Structures are given as C-alpha cells and as structure tokens.
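S.K.: Quick one: this structure, given as structure tokens, is what I'll be asking you about.
The values are calculated or read from the model by the stated rules, or taken from the named source; none is laboratory data. As the structure is a prediction and not an experimental result, all values here were calculated from the model. Using ideal geometry, Cβ is built from the backbone for each residue, glycine included, and neighbour counts are taken over all protein chains shown. Ligands, DNA and RNA are excluded from the accessible area calculation, which covers all protein heavy atoms including side chains. Shrake-Rupley method; radii C 1.70, N 1.55, O 1.52, S 1.80 Å.
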Amino acid sequence: MYTSYVDSDSQLNMGKTRVPDVDLVIAFRATKNGSLSKQQIREEARKAEQQYKRLIETLTYAGLKAVGRRGEALGHILVFVTCPPKHVEELVKRERHSDFLSGLPVTPSTSAIPLSPSDRIRLVHAYISSTPTDGGLGISSDAPEWDLVEFIFPLHDREFNEAWIRSWKPRNIASVHLERIRDQFGDALAFYFAFLSSYTKFLVVPAILGLFAHFMLPPYSPYYSVILCLWSIVFVEWWRVHERILSLRFGTRGSFKVEKRRAQYKPGLRWWARELRVLASVPVILLFAGILTTILTGIFVFEAFVTQLYEGPGKKIITFTPTLLFVVLVPRVLAVYQAVAVRLTNWENHAHKSTHNASLTLKTFALSAIVAYMGLGLSAFVYVPFGEGVMRWVQAWLFGGAQTNHGIAATLRDMLNGTVLTIGKDSTLVADAVKGVSEKIPDSAASVWDANPMNATEKLNPGRLRDQMFAYTVTNQVVNTFMEVGLPFVLRRVEAFRKNKANGKGKANSHASGTVSMGSNSSSASDNGNSLKKRVVFEDEKERGGMAERAFLDGVREEAALPEYDLFVDYSEMVVQFGYVVLWSTIWPLAGVMAFLNNLLELRSDAFKMTVHNRRPIPSRTDTIGPWLDALTFLTWLGALTNSALVYLFSPELLPGAVSVSNANIGTATFEANISETLNESKLAVEEHLVSASGGLSPSSLPWGVDGSSSPATLSATKELLLKAVLVSLVASHGFILIRLLIRHVVERMFWRGSGEVEEREREDREVKVQFLKGNVASKGAPKFVGEVLIEREVGGELVDGETATDSMEFWDHDEGIEEIQRISKEA
C-alpha cells in the first residue's frame, strides 16, 4: 500500500522502524465545504485554531498523548491519540469496579488480565467521547461544542486483516473464530458473525428440504410449509438462548446497565413524555408506508399489466420503465424517510445509544420490509386471483372507458372484478363484462395497445411468482455482493486513476514553470483545482520520521477517506433473506438452497468489506443482537400466516377430485353453463383456477377470469375462498403462538437450564460476590475481581510490552495542526 512513496532502501529501513502506537484518530475539519469570502475564511480559520488548541489541551490534560498531522486536503487534520499504559490500567480497573457494582459477571482474577486490542480501543474511545457526567471528556462529533470534529476512528491492524481473510478456506468457510473477531472488533461484531454463522448452519435444513420438495413434492406442498415454519421457530428460539450463553462467555450479560449516555441526551424529560414521543412517530411511519405502498402498487400495475398491453414501437425499452421508476422513486422516498426517522429518533431523546439505535432500526426496517416483500404479496394475493379483472380494467382505463369518479372503493371493486361495461368511449369497441366479446377494434388503437379483452388471459404469466422469487433470492443477492465488494474496488480504481492523472499534470506544470516555493506552487495550481493544491502540500511535507512516517501517514489518510462501517446494512440483508425463506419459499423451495450458498460467501465478503472497504468500526459492548431478534420473531409469525394462505389457495394437493384440468378442453359456453349450475361447482372451479394461475398446475384453457368476468357465481366463490384463506391464517396464527411457547420451553430446558457452562459461570459469579460480602476480596489468597492489567501489542509479529515501547520516529514530538490551519488564512 505504501510502495508508491517508498523505494527499496526505505522499505528495508521501515522494517527496522516501528510504527507509532496509535489508539484512535480524530478527524478534524478546519474548513467547511462551500464558497466563502476571504473574510469568512479567516474567521473560520480563527475559530478552528481556537477549537483545535482546546482539543489538544483537553486530551493532554486528561493524560493522553495527542498530535496533529495534515489530512488528505487543505484544512483537514488528523489528530493521533494514544493512551499511556498506566492510564489504560486505571480505565480497566474503573470499568471492572463498575461492572461488579452493577451486577455484571466478573470472573475472579488470580493473574494479570490480558487486554485485547478491541477492549483497549473501546475503553479509550469511551473515555474520550463519553459525557463529563459519565467520567469522559465529551469529545464527540455529536457534541455542539466540537462541531469541527468529523469522526473518531481506530486504525486497521493490517497484519491481522490479511491473515483473517486468508484463513477463510473452502473447507472451513462456515467456521468463525469468535474470540479472534471479538479481540479485534468487539462484542457487537462478534455477535453479528456468530449470528451469521449459526444462521448459515441452520439453513442446511431448508436447503435439503427445498431440494427434496422441488424435485419430489408437488408445488405448494403443505408438508414443506409446516416443516419450514417449525424450523423458523426452532432457530429463533434457539438463538434467543444462544445469545445469552454468548453474553456469559464474553462477560457482557447485562451490559446495558453500565452503558454511557449519549452526547445528545438532554436530562429532565419524564419517562411518559418520551413514550408519547415514540408513539408520535407512528403516524409518520404510517404516512410514509402509505406513500411507499402507493408507489410500489403503481409500479406493480404498470409492470404487470400496462407493459403487457403495449404493442407499439420500443416495446423492449418500455418493459424496463418500471425498473427505472423503482430506481428513481423508491430510494428517494426512503432517503427522505430516513432523514425524518433520524430526526424523530433524536427528538425522542434516548439516554443510551442502544435504545436510540433500536428505535431507529425498527423505524427503518419497517419500510425496508415493505419494499422487499410487497411485490410478492401483490402477485400472490392480487395478480393471481384477480389478474384478468385488473387487466380488463387497465384496458378500459387506457381508452377512457373506466369510471374513476365514483369513489376509491367502487374503483377498486371494478378493478378487481373486471366489471367494465365499455372500452373506448368514443369508439364502437364494446366488450361485455361477462362474456368478454369484442365487436370492433380500431386500427389506431390496435397499433399501440392490445385492446382486445379476449387476449387478457394470454397476457398473464402463471410463472410470475416463481420468477420473482428467483429474482429476489438469486439475482438480487449476486447484485448486492457486487455492490458491497466489487463496486468499491472499481470506484476506488477510477478515483485513483483520476487523481494520478491530475497529479501528473500538476507536476508537469510545476516543472515547466520552475516554481519551488509554496506560494508560487499554490498560484500555479489554481488552474488545476483543489486536487493539484492538495498534492503540492504533500510534496512539501518533511516528516521527521522520514519515508517510514510518510508511508504510515499515507495509509492513515487512505483509511480516513473510507466510509464508516454500518452494521445495520449487514443485519438487514440477512433478516430480509430470512424473510424470503420463511415467508415465500413455499412458492420456490430452492430459495433455501440459494440462501445457504449465498451465506457461505457472505461470511467472507462481509469480513473483506469490513477490513478493506470501510474504516475499522469502534468496538462496543452488547449482550444481544438487539431489535433484530424482534424482527426475526415477527417474521416467523408472519411466515405462519403467509404459508397457510399460500398452501390453502394454491396447493394442488388440497384440490377435490370433482373438477380436473382434463375437463378444461370443453368450450367456453359449456364451461360457463356448468360452473353456473351450483355454487359448489363454482367453488371447485375457482380453486382449480387459483392453483393453475399460481403455477401449481400446468396452464390450461380454463378462463383466467373467475374473478367476475365469467359469472356472478364465480365472483362470489372467489371472495368466499379468499375469506376462508384469511380465517385459515388466523387459525395458523393462534397455532403458531401455542407451538412457539412449547418450543421455547423445550429449548430453555435443553440449552439454558441444563447447560453445564451456564451453571459453571453462575457459580463463579456467586463465589466472587460471596467473597466480597465476607470482606475477603482484598485479603491474601482470596480471589480478586480486579487484578493487574497486562498491556501488550503485536508489532511486526512480536509482542511488545506497552511500557517498553519506544518512539523511533519521534512521532509524538511535534504537531502540524496549527501550521495547517494558519495555511488556510495564507491561502485566502
């Protein structure tokens, strides 16, 4: 990474020179983006100089070492912070005392306590960013008095990252070394990889079951759906217990009791006032959910019906219009909603980050779930039962024959029933709402739109549900993997090429003009923009540590330019995938297979993304995956509803034998007469139609329009069948509650109450508390809950004690921050 600035001799010297021992880096932006006058720039520079001096003084007075270096652009400063070993030891003891007094499990310490890199980073970051009331310095980008602090981040351990990425071999692709991950990235990331690994292993069941169901069982098999629902309940309840066991192993059970308060928290708000503020966000969520539902429904109608009726020029281009509409409209609505959700969550004034993130996560995921699942819901419960009715209404609407001025309810009824009396109010084209017979089709209309209502059936796709499932579980996952791993590489290569090209031009211009001073370089660079000016600043740097320090700083600047790692995105991706498997894989059982194969790669791609394409995340303590467990529980309940409805409506195994597809080759008039004879025969025909329309049987010549375009009897039968599906779903919901209670009880008894590991850790915790109560904690030979702290760092493959570490670069002896800020005034 540093070879572009270091020759071979310098690389040999770097091997002998140890990099600075840095805990955290604070990104300080002295100038804000935007066009400012010279006077405004000078005022901003004076303000930045005062805040920067206060920042360094605050860190130094607190016992930390802090120096500034130039960042990637003019006015951007990187403040390097390290905590002396004695101070780290005090932070460790203070935390363990707090844990003990708050009831967290504290194991007896008979020897030195090894301090992991993630614990050290977390302690130092908490000390810097926590509010003064919690014993911190209050330095945070969220604090109004530190508005020029952009963010705080730790540096990547590149040796560990490379070794970790190489360790993901095909033979152990699903195994996760949780202790190594926790030591480097903290509890939150360890919980995520534990969840991802466990979920991937559990996916073996629906993968095998899906293969068997796809090749051996009929479509929409009730056996597959029942086993799938049971599997989802077992997994969620098992994870509920397993994360508690993990919290005992990590020593974080009950960590919310010692969580620091947010910098934006304003004390004094009563609990009921906060609850009212939380409830006040519900109408806003419903408003945006309604807007998003309207947009998605409109795109669905346009894609499923309008594009199918279009016969004019550019038909292939028109078919991509729904995708373009989705890309243009939906992300913008979600972006606006996200901004509103953030403001609402801040207004709720949560004291702790965990509750703040939980509230924001539930708000955000609610609309993400609508985007993910609504397309399949519309296809299953609108397109399949009422496809031809909607198609006829769209035909009438295109030619001005559909009445839309008699209320929303009546319009929806006409749309679903297909009860449109005329098509083309200015033409002689007339279609009977029952028989679908057309008298005349104008040539001008037929050249662009298919106005013949007899063709409505041919325009509908019985395999639509399976096509959508393939797109969501295969195509989307491939695209997401490329967006996460491949696209950042491409963008960074393009950006590097652009900068190198600009720097090459700048060097050529500088050499031609013969300028060597800073002022002349700056003036000659004005024609080439900020990129050239930034490059000249770097060329003038004279680091005291030589090329080794230059290479180190270049690497830090690259990390500072990376985006922040967002754990929400990875959790959301996995929970949405879980929803596809649990809610909709009855449509296409191979969804479980695709999810399993994707997750085998997801384990490595997430590790790669986190270590290469994002800044190193700040470690945090947690004892749960938080609101995502609630989301999983909700999806298991919703899966019981959707599976029961899909099986009841579309399973060919539930069809009575009175009506079969072999009888469908009779004429249309004869068929209509037969299904009008009795209501029972109409119900049988409707059931068979739904099974055929959903892909449960091969397409037949039966009319699709059992939704009202055939006879009133079939319309009544369709409504009755859908009503029964709702009742079946409600029964399944109650059955889900009973079965979940039984499974939860069994899982608790097997994996929690009967666990030897849990009993052992609880026994150790009781012993420490008993010794403390007896007053023997400090006595000789008694177990201590706070021992000595062993602070070691791995440098160049060797463990180096924190006390004996030397600054071979003289990195902490000089500061460039004030000089960089003063440069802004000179440039102005």
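S.K.: Rounded to the nearest 10 Å², what accessible area does residue 240 show when all protein chains are kept and the probe is 1.4 Å?
M.R.: 50
S.K.: If you line up the Cα atoms of segment 272-402 on their principal axes, what length do they span on each, largest first, in Å?
M.R.: 59, 27, 25
S.K.: Let's see if you can work this out: charge +1 on each Lys and Arg Cβ, -1 on each Asp and Glu Cβ, no other charges. What is the dipole magnitude of segment 136-236 about its Cα centre, in debye to the nearest 20? Provide the component values of the computation, followed by the final result.
M.R.: Numbers: 7 positive and 10 negative charges, 186 e Å.
Using Cβ point charges on Lys, Arg, Asp and Glu, segment 136-236 gives about 900 debye.
S.K.: Is the shape of segment 270-331 rounded, prolate or oblate, going by the alpha carbon gyration tensor and its root eigenvalues a ≥ b ≥ c, with a/c under 1.5 for rounded and a/b larger than b/c for prolate? Please list the in-between numbers first.
M.R.: Working: a/c = 8.62, a/b = 4.09, b/c = 2.11.
In terms of gyration-tensor shape, prolate.
S.K.: When only alpha-carbon atoms are used, what values of Rg and Dmax, in angstrom, describe segment 721-770?
M.R.: Calculated on Cα positions, Rg and Dmax stand at 20.1, 65 Å.
S.K.: Cα-Cα over 22 Å: which of 53/93; 353/609; 38/826; 32/260; 201/363; 201/353?
M.R.: Values: 53/93 30 Å; 353/609 24 Å; 38/826 10 Å; 32/260 30 Å; 201/363 29 Å; 201/353 31 Å.
With Cα atoms farther than 22 Å apart: 53/93; 353/609; 32/260; 201/363; 201/353.
S.K.: Taking all protein chains in place and a 1.4 Å probe, what share, in percent, of the accessible surface of segment 78-143 do carbon and sulfur account for? Display every interim value, and only then the final one.
M.R.: Working: 1360 of 2500 Å².
Carbon and sulfur: 54 percent of the exposed surface of segment 78-143.
S.K.: Please compute the net charge surrounding residue 344, taking Lys and Arg as +1 and Asp and Glu as -1 over other residues with Cβ under 15 Å from its Cβ.
M.R.: +2
S.K.: Over segment 64-150, what per residue volume does the convex hull of the Cα atoms give, in whole Å³?
M.R.: Expressed per residue, the convex hull around the Cα atoms of segment 64-150 is 119 Å³.
S.K.: Where a ≥ b ≥ c are the square roots of the eigenvalues of the C-alpha gyration tensor, would you call segment 41-100 rounded, which needs a/c under 1.5, or, failing that, prolate if a/b is larger than b/c, or oblate? It would help to have the intermediate numbers written out before the result.
M.R.: Details: a/c = 3.34, a/b = 2.59, b/c = 1.29.
The shape class here is prolate.
S.K.: With a 1.4 Å probe and all protein chains in place, put 649, 638 in order of accessible area, largest first. Display every interim value, and only then the final one.
M.R.: Details: 649 5, 638 45 Å².
From most accessible down to least: 638, 649.
S.K.: Something else: For the full complex of protein chains and a 1.4 angstrom probe, list 355, 586 by accessible area with the highest value first. Spell out each step's value before the answer.
M.R.: Details: 355 60, 586 5 Å².
My answer, sorted largest first, is 355, 586.
S.K.: Whole-Å semi-axes of segment 559-627's equivalent ellipsoid, largest first, each the root of 5 times a Cα gyration tensor eigenvalue?
M.R.: 28, 15, 9
S.K.: With the convex hull built on the Cα atoms of segment 162-297, state its orientation-averaged projected area in nm². Could you put the intermediate results ahead of the total?
M.R.: Values: hull surface 59.6 nm².
Value for segment 162-297: 14.9 nm².
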